[in-house]
1. Counting just the residues of segment 94-110 that are open to solvent by less than 10 Å² (accessible area, probe 1.4 Å) and either under 11 Å from the mean Cα position of the chain (by Cα) or not hydrophobic (A, V, I, L, M, F, W, C) (or both), which one comes out nearest to residue 135 (Cα to Cα)?
2. Out of all the residues in segment 244-274, which are open to solvent by less than 30 Å² (accessible area, probe 1.4 Å) and either of a type in the set (S, T, N, Q) or part of a loop (DSSP other than H, G, I, E, B) (or both)?
3. Within segment 213-234, work out how many residues are open to solvent by 30 Å² or more (accessible area, probe 1.4 Å) and either assigned to a helix (DSSP H, G or I) or within 22 Å of residue 75 (Cα to Cα) (or both).
4. Can you tell me which residue is modelled with the highest pLDDT among those in segment 7-46 that are loosely packed, with under 15 Cβ neighbours inside 10 Å and assigned to a strand (DSSP E or B)?
5. Between 50, 76, 115, which is polar (S, T, N, Q), in contact with an Asp or Glu (Cβ under 8 Å, 6 or more places away or on another chain) and either assigned to a helix (DSSP H, G or I) or in contact (Cβ under 8 Å) with a residue 40 or more places away in the chain (or both)?
Amino acid sequence: MDTTGSGLATQGGEFKTGTVQANGRDVSFIEVGRGPLVVALHGFPDLPRTFRHQMPQLAAAGYRVVAPFMRGYSPTDAPDEGPFEAAILVQDVVALIDQLTDRPAVLIGHDWGATVARGASILAPEKISGIVCMSVPTAENFGRALVSNPSQQRRSWYVFFFQLPIAEMAVAHNDFAFIEQLWQEWSPGWSCPEEVMAEIKGAFRRPGVLKAALGYYRSQFNPSLQHPGLAEIRKRLAEPIPVPTLYLHGANDGCIGAETTEGMEGAFLHDFERHIIPSAGHFVHQEQPETVNRLILNFLSRQHK
């Protein structure tokens, strides 16, 4: 493992950076703290720094928090043709845990990270003591909303737009104005800090990153982008979630409506706790960090009695 100092400033100091080999790729990450491992997984269009409000607080509470760049986003990833489907992302996380600790870890996932956290807990429950998922409900709930909820169908227009060949050109147009607009629509009434958006745009300017990020969505609907060798894992991802789970969702989420999270309890085999956070949109952990941190720390304290 290569771990060096970083210039990524936080309220609690600076994050360290590191890189490990996991699941056949270099995985770069930022980290802070010592103690039981917490792995924080970002979504789209985002980066590990999305957890800048959570990481110092968790470190102060006695945890080592590692936030990796997801597949295709990493500065050390070589651009390729994928795969980028959920089954390989889940394998990435389980392999990363193996490289970082020999004890069960907690996963925190936002957006795509929430989907991956749930899948990893299904694939390797012995390695994961609990998960915190934010802003994306279970696949069953989300799929039902796409079929029966006209409001959610309209919110999810971008998923279908990303299937088009022109999507990469459109997203990159005018210095990624598309991404800025998504953040504004998804978190109405809240503005992403300029330095955060600049870092995100900088990442998407790197060769291969935008194609990889869109590949996550394209592989959902295009079987030709799903690797045959991952078929068994793909099937397993529909199984119930076997670890304690905390679920957080912004009441004003403009990407995925809070109503889509209702009735998820049946998908979880152990303790399940759901909170709809007032005055927050899709990036709930950035918009209401004090509330989110309190709920996460309370959840972690129950997993590490």
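The values are calculated or read from the model by the stated rules, or taken from the named source; none is laboratory data. What you see is a predicted model, and the numbers here were worked out from it, not measured in a lab. Note that we place each Cβ from the backbone using ideal geometry, even for glycine, and neighbour counts take in every protein chain shown. Each accessible area value is taken on the protein alone, full model and side chains, heavy atoms only, with ligands, DNA and RNA left out. Shrake-Rupley method; radii C 1.70, N 1.55, O 1.52, S 1.80 Å.
1. Among residues in segment 94-110 that are open to solvent by less than 10 Å² (accessible area, probe 1.4 Å) and either under 11 Å from the mean Cα position of the chain (by Cα) or not hydrophobic (A, V, I, L, M, F, W, C) (or both), the one nearest to residue 135 (Cα to Cα) is 110.
2. Across segment 244-274, the qualifying residues are 244, 245, 253, 254, 255, 256, 257, 260, 261.
3. 11
4. 21
5. 76
Per-residue answers, yes or no, for (1) at pLDDT below 95; (2) under 22 Å from residue 54 (Cα atoms); (3) of a type in the set (Gly, Ala, Ser):
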site	(1), (2), (3)
222	yes, no, no
281	no, yes, yes
291	no, yes, no
303	yes, yes, no
